[in-house]
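Notes follow once the structure below has been shown.
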Amino acid sequence: MKEFIQSLPKVELHLHIEGTLEPELMLELSQRNGINIPFDSVAEIRDAYNFHNLQSFLDIYFQGANVLINEQDFFDLTWAYLLRCREDNVVHTEIFFDPQAHTERGILFDTVVNGIHRALDKGMTELGITSKLIMCFLRHLDEESAFETLVQAQAHKDKIIGVGLDSTEIGNPASKFERVFKEAIKQGFLTVAHAGEEGPASNISEALDLLNITRIDHGVRCSEDAELVTKLVAERIPLTVCPLSNLKLKVVEHMGQHNIVALLRQGVCVTINSDDPAYFGGYMIDNFLAVNSAHPMNKVEIAQFTFNAIEASFVCQNEQARLRLMTQQYLDLHQ
Ligand code: HPA
Ligand code: ZN
């Protein structure tokens, strides 16, 4: 089963590019850019990755992002992730970035987007990996800052397909961003939002009702509301679930407690994703293996995660058909 998982074509839909900053690159960039970080070695950095909740992670994540200064840094970060995609047989990826984490430090929006986009372009031509870019608003910042970010995105609409919502869920309800999302939709952006990661199932319903989103990031607490699960199944509303993230941020105590496979078997359009792999100890294959070892599945069930992700992705129907065919051929060959 391990080999089946390793070579299975995969589609990633929940990946923060800043969360792919490996300690080695963090140290290199801190030296290259003369930015002080409170660590002297890779081992010290890894030792600091002991999280007890979402906030304890976010503090370290934003601190790590401080070493990203120049366009080349954003390129290097994204290129390193794409090389990992190739290793994990990720054939399509939809990447989040947090512009405010950088513009708040005086880095230009253009610098961030251009660096990431140049790497994604190269990923397509040299690795054959397709991608989309989604910009997230930081929910701990105010509505005005989100609106300013939306204005800055205007010049890059050709590179950004959608908007999302991340950072501290508790205390920052979806309602705070209702008007920004309305405006983003008016401007033609697709929409997603983190909800029901640390916050209750009602946060998922609220995000669906107020923000008009087409998929939910995390959403694992949906199980607390049977009516909501019925709606997710009936309307094929996808959840981009991140198993190792949930484990590391103590959303679940152990993988055996995770509901992802139960949700799959109930017919929810759940997908497997790595979220912030440099911080949570695993990329896509690691996430699939962790789920399968706690909840053994057959090959059809495992491949269903890829079929779900294709359906939930923002690529056109022709491209979805190409990816489905690739996955079906793989499954047929290995049944
Ligand atoms: N949740 C909220 N915000 C985030 C996450 C997450 O899992 N990763 C990066 N920013
Ligand atoms: Zn996330």
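The values are calculated or read from the model by the stated rules, or taken from the named source; none is laboratory data. The structure presented is a predicted model; accordingly, all values stated were derived computationally and were not measured. Cβ: placed from backbone, ideal geometry, glycine included. Neighbour counts: every protein chain shown. Each accessible area value is taken on the protein alone, full model and side chains, heavy atoms only, with ligands, DNA and RNA left out. Shrake-Rupley method; radii C 1.70, N 1.55, O 1.52, S 1.80 Å.
Taking every alpha-carbon pair in segment 177-273 and binning the separations at 10 Å intervals from zero gives 17, 49, 28, 6, 0 percent. Working note: 222 nm ellipticity from helices only, DSSP H runs with n ≥ 4, each -39,500 (n - 2.57), summed and divided by the residues of the chain, gives -15000 deg cm²/dmol to the nearest 500.
For segment 1-94, the residue among Ser7, Ser41, Gln63 whose Cα projects farthest onto the positive side of the dipole built from Cβ charges is Ser7. Counting heavy atoms of the protein chains alone, Arg215 has an accessible area of about 0 Å² for a 1.4 Å probe. Excluding ligands, DNA and RNA, the accessible surface per residue across the chain is 40 Å² with a 1.4 Å probe. Net charge in the neighbourhood of Val300 (other residues with Cβ under 13 Å of its Cβ; Lys, Arg +1, Asp, Glu -1) is 0. Relative to the 2.2 N^0.38 Å rule of thumb, segment 44-146 has a C-alpha radius of gyration ratio of 1.15. Couplings for segment 246-263, taken from phi via the Karplus curve 6.51 cos²θ - 1.76 cosθ + 1.60 with θ = phi - 60°, read 4, 5, 5, 9, 6, 5, 10, 7, 8, 5, x, 8, 6, 9, 4, 6, 4, 5 Hz in order; Gly and Pro are left as x. Report, as a whole number in µm² per second, the diffusion coefficient that Stokes-Einstein gives for segment 250-335 at 10 °C and 1.306 mPa s using the Kirkwood radius over alpha carbon pairs. Rounded to a whole number, D works out at 113 µm²/s. Run the accessible area of segment 176-335 with a 1.4 Å probe and give the carbon-and-sulfur part as a rounded percent. Of all accessible area on segment 176-335, carbon and sulfur atoms account for 51 percent.
Placing +1 on the Cβ of every Lys and Arg and -1 on the Cβ of every Asp and Glu, with no other charges, gives the chain a dipole of roughly 920 debye about its Cα centre. Each peptide among 109-115, 16-22 gets the average number of other Cβ atoms lying within 10 Å of its residues, and from highest to lowest they stand as 16-22, 109-115. For the peptides 67-73, 318-324, 8-14, 199-205, the ranking by packing is 8-14, 199-205, 67-73, 318-324, with the highest mean count of neighbouring Cβ atoms within 10 Å listed first. Highest mean packing comes first when the peptides 303-314, 118-129, 219-230 are listed by Cβ atoms within 10 Å, giving 303-314, 219-230, 118-129. Over the chain, the reciprocal of the mean inverse Cα-Cα separation, the Kirkwood hydrodynamic radius, stands at 19.9 Å.
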